[in-house]
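Notes follow the structure.
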Amino acid sequence: MAEAEGSRRADGILLVGCGQMGSAMLRGWLACAAAQHFIVIEPAGMPADLAAAASCTWHAQPEELGDSVRPAAVVFAVKPQVIDALLPSYRRWVGGETLFLSIAAGKTLAGLGRHLGAAAIVRGMPNTPAAIGRAITVCCANPQVAGAQRRLCDRLLSAIGETAWVEDEALMDPVTAVSGSGPAYVFLLIEALAEAGEKEGLPPELAQQLARATVAGAGELARIANTSPATLRENVTSPGGTTRAALDVLMAPDGLKPLLQRAVAAASSRSRELAG
């Protein structure tokens, strides 16, 4: 039986940039056979662990590609500081059914369109757990993106984790502040929890082990549980117990919630500045 349209493999994917995020995506695509062929533009060359990938061809510059190349998607996994200079080289693929997907932080659909013209463009914001296939990527599409192209985008991004869509591009700034920057907040929590344990007398190695395992385990429980985080928190908290004593500090008027709100607001504001 023929595959459904939404699950059909793409004919070819052109990946621009194969650094930390680009290589994470490429490994995910290879693992699930997301396309028959992958073309990678990476001046630094091929990572050693991808040398055996027969379905990949590597190039230093897009000018090395012939006119016969017709990618189903061009994925930009490069730094926002360099993407504007790179985009005009890929304008020759605008039109037809080619999708352009950018994960360059802060680069708006309108900004990308100034270089690509009337292209079908999706702006995505993944996060660093893509390296282990546990990213969350939020996407926003311009009007030129068709339903089949959205499904292709979902297929490509599901190889590194979950996906979600927003219709209002302004929401990409708080998305960046919550999930894009969010892993850094969690890593800071692990650091701080381990340091607090050390101050109470725990050996540093044990404090690190406890902090890492606790955050990882609690995060996984929150992910799979069919209850709210508030309910999970309440389930751990006995009246008059040790958890209650700690939460009285963390949930004080100047505690963790208002601190995180200020942090997310600062990151969201900075995202708007960079986009402007």
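The values are calculated or read from the model by the stated rules, or taken from the named source; none is laboratory data. Predicted model, so just to flag it, every value in this text is computed and none were measured. Using ideal geometry, Cβ is built from the backbone for each residue, glycine included, and neighbour counts are taken over all protein chains shown.
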Scanning segment 238-267 residue by residue, those more than 19 Å from G182 (Cα to Cα) and either outside any helix (DSSP H, G or I) or at pLDDT below 95 (or both) turn out to be S238, P239, G240, G241, M251, A252, P253, D254
Reported set for segment 132-166 where residues are at positive phi and in a loop (DSSP other than H, G, I, E, B) is G133
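Tally time: how many residues in segment 187-206 are surrounded by fewer than 13 Cβ atoms within 10 Å (Cβ to Cβ) and either acidic (D, E) or under 30 Å from R123 (Cβ atoms) (or both)? First the steps, then the outcome.
Here is the first cut: in segment 187-206, the ones surrounded by fewer than 13 Cβ atoms within 10 Å (Cβ to Cβ) are 188, 191-192, 199-201, 203-206.
When the remaining residues are screened for being either acidic (D, E) or under 30 Å from R123 (Cβ atoms) (or both), the result is 188, 191, 200, 205.
Number of matching residues: 4.
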Checked L202, L189, L171 against criteria (in a helix (DSSP H, G or I) and more than 28 Å from P143 (Cα to Cα)); the one match is L189
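Given A104, A110, which one is small (G, A, S) and under 25 Å from L30 (Cα atoms)? Explain how you work it out, then say what you get.
Values: A110 fails: under 25 Å from L30 (Cα atoms).
Exactly one of A104, A110 is small (G, A, S) and under 25 Å from L30 (Cα atoms), namely A104.
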Residue count, segment 8-19, condition modelled with pLDDT under 90 and either over 20 Å from R70 (Cα atoms) or among the aromatic types (F, W, Y) (or both), comes to 0
Regarding segment 89-105, can at least one residue be identified that is crowded, with 16+ Cβ neighbours inside 10 Å, within 30 Å of G219 (Cα to Cα), touching a residue at least 60 places away in the same chain (Cβ under 8 Å) and not assigned by TED's automatic domain parsing to the domain that holds F187? yes
Picked from segment 56-72 (must be among the polar types (S, T, N, Q) and either in contact with a Leu (Cβ under 6 Å, 6 or more places away or on another chain) or surrounded by fewer than 14 Cβ atoms within 10 Å (Cβ to Cβ) (or both)), the residue farthest from G22 (Cα to Cα) is S68
Verdict on C139 being farther than 17 Å from C18 by Cβ and buried (at least 22 other Cβ atoms within 10 Å of the Cβ):
yes
Pairing a residue in segment 240-260 that is in the same structural domain as L189 (by TED's automatic domain parsing) and surrounded by 11 or more Cβ atoms within 10 Å (Cβ to Cβ) with any residue that is not in a helix (DSSP H, G or I) and not β-branched (V, I, T), where Cβ atoms lie under 8 Å and the two sit 6 or more apart in sequence or on different chains, gives R244/S238; K257/M251
